[in-house]
Every structure is written in structure tokens, then in C-alpha cells.
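Please see the structure below; I have some questions.
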Amino acid sequence: MSGQAVQVWEIILLFAVLVFALALLLVFIILRKSFSRQESADILTGYRATIDKKIAIILVDAMENSSEGSYYNAVKGLTLLVQKYPVLEQYVLDTINRQYGNLVGDSKTVLKRLYADLSLHQISLKKLENRSWHVQAVGIRELEKMDQSVSVDRIFMFINAKKSELRKVARLALTKLETGNLTFLDHLDEELSEWEQLAMHERLKNRAKTDLPDFSKYYFHEQNSVVEFSIKMTVEFGFYELVPQLITLLKASKNHRIKLLTVQALTRLEAYQAVPLVRSLLQSEDSAALSIACLNFLGNIDDLSSQWLIEMFMSKEDMEIRMAAVNAAIKLRMEFSAINQDIENILLHFENELIS
Amino acid sequence: MEDIYKILVCEDDDVLGSMIQFKLKRDLNYEIIKVGNGREAKNKLQATDFSLVISDIHMPYLSGLELLEYVRRDQKKDTPFIILSSEGLEATVMDAFNLGATDFLTKPFSPGELLMRVRRIFHVSVGKQ
């Protein structure tokens, strides 16, 4: 019995010693990390001004077409510094990244060259292999900012990432980095959000019109958000030549929102060719929103042969449809065959709007 | 005797500020003083007469527009002033010119273009003399 008690105490003691040793190890690791962080911070503080000055001189030298030798000496100097203190690598990358957004012309070209000569893209690419999603996102943003088209294949892997923020960053980066068609759209598992569509539009605005995707390619995409995006971009960039394809889409689509967007797009593109189809849609569709869109189209197109149809809609039950019909009639400068109190009120409403 | 022009560069981004300083110094051989925030800039303006001020809009302590206002309204000087800004909003541009800015350059910009605008200002200044 006493033998057993001794054994138990031995186990407890051993356990206590182990816990104490683990605690000591933990404290040692924390202190080591803390010192290491402090050391990194000190190095950064100490060399920040040097790096800033070196980069500034490289840029000014390059603008003045100084010798290649002096450029490479300067790059070598930076490389040695970074090799000695790897903690400075990210600072150099961030600095070049920031200046890339500040400058245009020759200076920007020099920055891109410096970025390549220092192999800074490797830092960003390495981030894509990190397990943390926000580090991956930072890496993608860095590559996007420095126009690293070569990284397209690597970024592609993230377009359907579970984390929405990471997905978004990857899609936006590819919008900027891919040339011509947005091939990543063909591989989407998740819909494009409204925000993504807006941000993609912003990036596409920087492209030359000849370098824009062929948006009609996506009119029959399985993702409705991609179809919507393509319709909106067709209008935003004024692709009048895609009107026939939009008409085909309007004929074929069963989706109410797609139809609505297509009619609105045809209105903005002043697609006269779509009049028969829109008239037919107006007569067959029940949806108020679609009816209103069709009436707006007919009013804007200036097609007088639709007058009878517009007048018919002036007596519909839905007030908004009636207003849309009267609005279309006003645009067509129609003479009203019968003015009832209702139409008179609507006309007064529009008159007041015009006056105000 | 050659005039030595003094230019004050106010830019909190060290690399950009240094680059502007080196570029102007090399091409114009004027005295270029660089500061990194609005407070330092104001102290320099109080102590020295400058031939030109180039200032970023967004800086710690005092913005570029506040500095401009200080020079025009408090010091009552017509020192040429070039404003640099990353936002080219119409309202910002209008504010700058209403306060008396001589020129306005939006980022991203070309240092070569900035040099050209500085040259133009001094050419005009020399012409007036």
C-alpha cells in the first residue's frame, strides 16, 4: 500500500516537473520571439532612411539616363542589404509598390525593372503558399499592383476560394492582369457579387477599348451574375455592335431579371432593331417592372408605330405602369385620344417635375 | 550674380520627397529643402523666404491647403505654390486654386512633368523681374 502511494507521488512529481519544464520552454520561446521582433523593428528603423534614399537615387539616376553600371551598383547595394537583413525585404517591396502607384512614365518603368531585378515578386508568390487566407490576399494584391501578369496561373487557383474576401481579391486581380477575355469567368463556381462587378468595371475602364473582352461570350453563362455583368459592361463600354446578340438573349432567356436588364440595355443602346421583340414582350409579359422597362424603351426609341400599344397601357390597373405609359407618350409627343382624370393627374405630375 | 532660388518640398512620403529633392537639385541647382509634415513646413516658412513651395495635400499636422492658406492669408506672400494630390476631385482642385495655388498636379505624376512646371514658374518669375 505504501509502495503504491510512493509511486503515485512519483508520478505527480514527474508530471509537475514536466509542466514546469514546458512552461519554461514556452516563456523562452515567447521571449525569443519578442526579442526577434524588437531586433527586426530596430533594423527596420535603422535602415528605412537608407533604403528610401537608395531607391530615390536609383529613380533619379534612371531618369537622367545614367550608366547601366551605376544602376546595377545601386541594385547590388540594395540586394546585399536585403540579403544581410531579410526583414528589410518586405519594406523594399512595400516602398516600390507604393511608388508604383505614385509615378508615371519613365520612373514607373524603372520601378518595374527594379522590382524584377530584386526578384521581389518571389516574396508575393511565397505568400500565396501561406496557410493564412489574409496573407494570400496580401500576396495577390501585391502582384496585381505591380502588374505581374506572369502570376495569373497562380492567382487563378483562388477564384473559388472558400473565403469570400480571398475570392474577390483573386477575381479583381485577374480582371486587371488578364488581357483580352476574362477566362476566369468560365471557371466560376460562385456568383459575382455586386461589389465585385463594380470593382471589375473600374479595372476594365483602364483598358483600351480594343483590349476589352467580348462580353457577348458570357450572355449565356450558367452564372446569372456573369450574364448580368456582361450586359452592364456592353452598355457601359458602348458595344452597339452586340445589339443582335442582346436581342437573341432577350428572346431566349427565361430569367426575369436578365430580361429586365437586357431591355434596359437595349434602351440605352437605342436599339431600333429590338422594337418588334419589345412590343411583343410588353403584350405577353405580366411583370410590372418588365412592362415599365418596355414602355421606357418604346418611349426612348421614338417609334410612332407603338402608339396604340402605349395608349392601351395608359388604362392599366397598376399606377406605375400607367405613369410609364404616359411618360412614353410624352416622349413620343403623342396626342391623347382620350384624357380621363387619371391621365390628367399623371400629366400634371410630369408637368410639375419638368417645372421643378 | 546668379540668384539662388530656394524651394521647399513638403511630402510625408520619404522616397517621393527625396526623389523630388534630388531631381530638382540636379536639374536646377537650386537649394531644395525637404520636410515630412505640415508643422515642420510651417516652421520653415516662418524662418525662411522661399521662391517656390511644392506640397502634398495630405500631411501630418497641417495639410498642403492649410499651408497654402497660411502663406497667402497670414504671411500675405504670393510665393508660387504647387499642390500635389492623389485625389483629382474637382472640389479639391477648385479649393486649391481658390486659395491661390499656382499649379496642381495629381498623382500618379511624372517627375519630368513636375520639373517642367517648376521651370515654367521660374521662367515666368525671371521674366517678371
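How about region A:145-166: which of its residues are surrounded by 16 or more Cβ atoms within 10 Å (Cβ to Cβ) and either in contact with a Pro (Cβ under 6 Å, 6 or more places away or on another chain) or farther than 18 Å from A:LEU114 by Cβ (or both)? Give the steps one after another, and end with the answer.
First, pick out the residues of region A:145-166 that are surrounded by 16 or more Cβ atoms within 10 Å (Cβ to Cβ): A:145-146, A:148, A:151-152, A:154-156, A:158-159, A:161, A:166.
Once the filter is applied, which keeps residues that are surrounded by 16 or more Cβ atoms within 10 Å (Cβ to Cβ) and either in contact with a Pro (Cβ under 6 Å, 6 or more places away or on another chain) or farther than 18 Å from A:LEU114 by Cβ (or both), region A:145-166 yields A:VAL152, A:ARG154, A:ILE155, A:PHE156, A:PHE158, A:ILE159, A:ALA161, A:LEU166.
Could you run through region B:59-87 and say how many residues are within 20 Å of B:ILE121 (Cβ to Cβ) and not in a helix (DSSP H, G or I)?
So the first thing to find is which residues in region B:59-87 are within 20 Å of B:ILE121 (Cβ to Cβ), and the list is B:64-65, B:67-72, B:75-85.
This time we only want the ones that are not in a helix (DSSP H, G or I), so: B:75-85.
So the answer is 11.
For the subset of region A:107-119 comprising residues that are away from chain B (no Cβ under 12 Å) and either under 16 Å from A:LYS54 (Cα atoms) or polar (S, T, N, Q) (or both), which member is least open to solvent (accessible area, probe 1.4 Å)? Let's see the steps before the verdict.
Initial filter on region A:107-119 (away from chain B (no Cβ under 12 Å)): A:112-113, A:115-119.
From what is left, the residues that are either under 16 Å from A:LYS54 (Cα atoms) or polar (S, T, N, Q) (or both) are A:112-113, A:115, A:117-119.
Numbers: A:LYS112: 74, A:ARG113: 82, A:TYR115: 2, A:ASP117: 60, A:LEU118: 31, A:SER119: 55 Å².
Filtering region A:107-119 for residues that are away from chain B (no Cβ under 12 Å) and either under 16 Å from A:LYS54 (Cα atoms) or polar (S, T, N, Q) (or both), the one least open to solvent (accessible area, probe 1.4 Å) comes out as A:TYR115.
Which of the residues that make up region B:17-55 are assigned to a helix (DSSP H, G or I) and in contact (Cβ under 8 Å) with a residue 40 or more places away in the chain? Steps first, answer last, please.
If we filter region B:17-55 for residues that are assigned to a helix (DSSP H, G or I), which is where we start, we get B:17-28, B:38-47.
B:MET19, B:ILE20, B:LYS23, B:LEU24, B:ASP27, B:LEU28, listed by residue number.
Can I ask one more? What do you reckon, is A:ARG131 among the charged types (D, E, K, R) and either within 14 Å of chain B (Cβ to nearest Cβ) or farther than 23 Å from A:GLU191 by Cα (or both)? Even if it seems obvious, please write down each step before you answer.
Working: among the charged types (D, E, K, R): yes; either within 14 Å of chain B (Cβ to nearest Cβ) or farther than 23 Å from A:GLU191 by Cα (or both): yes.
It is true that A:ARG131 is among the charged types (D, E, K, R) and either within 14 Å of chain B (Cβ to nearest Cβ) or farther than 23 Å from A:GLU191 by Cα (or both).
Only one of (1) without any contact (Cβ under 8 Å) to a residue 24 or more places away in the chain; (2) within 24 Å of A:GLY139 (Cα to Cα); (3) open to solvent by 10 Å² or more (accessible area, probe 1.4 Å) is not met by A:ASN206, so which one is it?
(1)
So if I check each of B:GLU11, B:GLU87, B:GLU66, which one is charged (D, E, K, R) and more than 14 Å from chain A (Cβ to nearest Cβ)?
Details: B:GLU11 fails: more than 14 Å from chain A (Cβ to nearest Cβ); B:GLU87 fails: more than 14 Å from chain A (Cβ to nearest Cβ).
Just a single option satisfies the conditions, and that option is B:GLU66.
Does at least one position in region B:75-85 carry a residue that is among the charged types (D, E, K, R), open to solvent by 80 Å² or more (accessible area, probe 1.4 Å) and either touching a Gly at 6+ places or on another chain (Cβ under 9 Å) or closer than 16 Å to B:LEU16 by Cα (or both)? Reasoning before the result, please.
Filtering region B:75-85 down to residues among the charged types (D, E, K, R) leaves B:76-78.
Narrowing further to those that are open to solvent by 80 Å² or more (accessible area, probe 1.4 Å): B:76, B:78.
Now drop any that are not either touching a Gly at 6+ places or on another chain (Cβ under 9 Å) or closer than 16 Å to B:LEU16 by Cα (or both), which leaves B:78.
For region B:75-85, residues among the charged types (D, E, K, R), open to solvent by 80 Å² or more (accessible area, probe 1.4 Å) and either touching a Gly at 6+ places or on another chain (Cβ under 9 Å) or closer than 16 Å to B:LEU16 by Cα (or both): present.
From the list A:LYS162, A:LYS126, which residue is more than 14 Å from chain B (Cβ to nearest Cβ) and outside any helix (DSSP H, G or I)? Step through it out loud before you land on a result.
Details: A:LYS126 fails: outside any helix (DSSP H, G or I).
None of the other options fit; the residue is A:LYS162.
Additional query: Test of understanding: among A:GLU335, A:GLU320, A:GLU344, A:GLU353, which residue is at pLDDT 75 or above and acidic (Asp, Glu)? Steps first, please.
Details: A:GLU335 fails: at pLDDT 75 or above; A:GLU344 fails: at pLDDT 75 or above; A:GLU353 fails: at pLDDT 75 or above.
On inspection, the qualifying residue turns out to be A:GLU320.
Being out of contact with any Phe, Trp or Tyr (no Cβ under 6 Å at 6 or more places or on another chain), open to solvent by less than 30 Å² (accessible area, probe 1.4 Å), at pLDDT 95 or above and among the β-branched types (Val, Ile, Thr) is the filter here; which residues of region A:263-317 pass it?
If the condition is that a residue be out of contact with any Phe, Trp or Tyr (no Cβ under 6 Å at 6 or more places or on another chain), open to solvent by less than 30 Å² (accessible area, probe 1.4 Å), at pLDDT 95 or above and among the β-branched types (Val, Ile, Thr), then A:VAL275 is the only one that fits.
In this structure, is B:VAL35 in contact with a helix residue (DSSP H, G or I) (Cβ under 9 Å, 6 or more places away or on another chain), within 14 Å of chain A (Cβ to nearest Cβ) and under 20 Å from B:GLN75 (Cβ atoms)?
On the way: in contact with a helix residue (DSSP H, G or I) (Cβ under 9 Å, 6 or more places away or on another chain): yes; within 14 Å of chain A (Cβ to nearest Cβ): no; under 20 Å from B:GLN75 (Cβ atoms): yes.
When the stated conditions are applied, B:VAL35 does not pass them.
Next up: Which ones in region A:21-52 are within 14 Å of another protein chain (Cβ to nearest Cβ) and in contact with a Leu (Cβ under 8 Å, 6 or more places away or on another chain)? So that I can check it myself, show each step before the final result.
Quick first cut of region A:21-52, residues within 14 Å of another protein chain (Cβ to nearest Cβ) only: A:44-45, A:47-52.
Result: A:LEU44, A:TYR47, A:THR50, A:ILE51.
Something else about it: Of the numbered conditions (1) surrounded by 15 or more Cβ atoms within 10 Å (Cβ to Cβ); (2) among the basic types (Lys, Arg); (3) within 14 Å of another protein chain (Cβ to nearest Cβ), B:ARG26 fails exactly one; give the number of that condition.
Of the numbered conditions (1) surrounded by 15 or more Cβ atoms within 10 Å (Cβ to Cβ); (2) among the basic types (Lys, Arg); (3) within 14 Å of another protein chain (Cβ to nearest Cβ), the odd one out for B:ARG26 is (1).
Against the condition assigned to a helix (DSSP H, G or I) and touching a residue at least 40 places away in the same chain (Cβ under 8 Å), how does A:VAL235 come out, does it pass? Write out each step before concluding.
On the way: assigned to a helix (DSSP H, G or I): yes; touching a residue at least 40 places away in the same chain (Cβ under 8 Å): no.
For A:VAL235, the condition - assigned to a helix (DSSP H, G or I) and touching a residue at least 40 places away in the same chain (Cβ under 8 Å) - is not met.
Within region B:87-109, can you find the residues that are of a type in the set (Phe, Trp, Tyr) and under 21 Å from B:LEU16 (Cα atoms)?
Just the residues of region B:87-109 that are of a type in the set (Phe, Trp, Tyr), to begin with: B:97, B:104, B:109.
Across region B:87-109, the qualifying residues are B:PHE104, B:PHE109.
Residue by residue, here is whether (1) away from chain A (no Cβ under 14 Å); (2) of a type in the set (Ser, Thr, Tyr); (3) under 13 Å from the mean Cα position of the chain (by Cα); (4) under 11 Å from B:LEU8 (Cβ atoms) holds:
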{"residue": "B:ARG39", "(1), (2), (3), (4)": "yes, no, no, no"}
{"residue": "B:LYS42", "(1), (2), (3), (4)": "yes, no, yes, yes"}
{"residue": "B:ILE82", "(1), (2), (3), (4)": "yes, no, yes, yes"}
{"residue": "B:THR92", "(1), (2), (3), (4)": "yes, yes, no, no"}
{"residue": "B:THR102", "(1), (2), (3), (4)": "yes, yes, yes, no"}
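The values are calculated or read from the model by the stated rules, or taken from the named source; none is laboratory data. Being a predicted model, the structure only gives us computed values, none of them experimental. Heads up, the Cβs are rebuilt from the backbone with ideal geometry, glycines too, and the neighbour counts pull from every protein chain shown. Calculation scope for accessible area: heavy atoms of the full protein, side chains included, ligands and nucleic acids excluded. Shrake-Rupley method; radii C 1.70, N 1.55, O 1.52, S 1.80 Å.
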